[in-house]
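Please read the structure below before turning to the comments.
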Amino acid sequence: QVQLVESGGGSVQAGDSLTLSCAATEWSFRNYVMAWFRQAPGKEREFVAASASAGSSSRYADSVKGRFTISRDIDKNTMTLQMNSLIPEDTGVYFCARHTSGGYSDSPSYTYWGQGTQVTVSS
């Protein structure tokens, strides 16, 4: 069974940092493109960042480029999203997902999703 579990969300002030983690069991991140998406209230789920299999390259949404960093720990089989200089527009539920096929920034390209972790940024 493919299961993804996110953690690390919380409520912070603008300018603060948070680190989100995504863990999996039964299979290795090494073999898959993995990504973070987020969904704000009343909005569609949007792409945040993706990491190629084995972490060889990364891709970011323009809105987070330079502030967020996606990384993997192969030994621990976890993926993290380091979020710096947070702004209120970063508020939402953050999901990690495993890619199946298609464009890396398209949510239909991902079949397996975690339950999400809430991030709230106050001004």
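Contact map, segment 57-68: first residue under 17 Å from residue 106 (Cβ atoms) and without any contact (Cβ under 8 Å) to a residue 24 or more places away in the chain, second residue surrounded by 15 or more Cβ atoms within 10 Å (Cβ to Cβ) and polar (S, T, N, Q), Cβ cut-off under 7 Å, separation 6 or more or different chains; pairs are 58/51. Confirm whether residue 55 is surrounded by 12 or more Cβ atoms within 10 Å (Cβ to Cβ), at pLDDT below 95 and over 30 Å from residue 123 (Cβ atoms). So residue 55 fits the description; yes. For the residues 60, 110, 32, the requirement of being open to solvent by 30 Å² or more (accessible area, probe 1.4 Å) and over 19 Å from residue 8 (Cβ atoms) singles out 32. Could you go through segment 65-81 and let me know if any residue there is surrounded by fewer than 14 Cβ atoms within 10 Å (Cβ to Cβ), out of contact with any Asp or Glu (no Cβ under 9 Å at 6 or more places or on another chain) and assigned to a strand (DSSP E or B). Looking for residues that are surrounded by fewer than 14 Cβ atoms within 10 Å (Cβ to Cβ), out of contact with any Asp or Glu (no Cβ under 9 Å at 6 or more places or on another chain) and assigned to a strand (DSSP E or B), one finds at least one in segment 65-81, hence yes.
Rundown of residues vs (1) surrounded by 14 or more Cβ atoms within 10 Å (Cβ to Cβ); (2) assigned to a strand (DSSP E or B); (3) of a type in the set (S, T, N, Q), yes/no style:
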{"site": "16", "(1), (2), (3)": "yes, no, no"}
{"site": "27", "(1), (2), (3)": "yes, no, no"}
{"site": "37", "(1), (2), (3)": "yes, yes, no"}
{"site": "43", "(1), (2), (3)": "no, no, no"}
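Selection of segment 86-123 for residues being free of Cβ contacts under 8 Å to residues at least 12 places away in the same chain and assigned to a helix (DSSP H, G or I) yields 108, 109. Checked against (1) in contact with a helix residue (DSSP H, G or I) (Cβ under 6 Å, 6 or more places away or on another chain); (2) farther than 19 Å from residue 1 by Cα, residue 81 passes all but condition (1).
The values are calculated or read from the model by the stated rules, or taken from the named source; none is laboratory data. Quick caveat, the model's predicted, so the values are computed rather than measured. Here the Cβ is made from the backbone with ideal geometry for all residues, glycine too, and neighbour counts use every protein chain on show. SASA here: full protein model, heavy atoms, side chains in, ligands and nucleic acids out. Shrake-Rupley method; radii C 1.70, N 1.55, O 1.52, S 1.80 Å.
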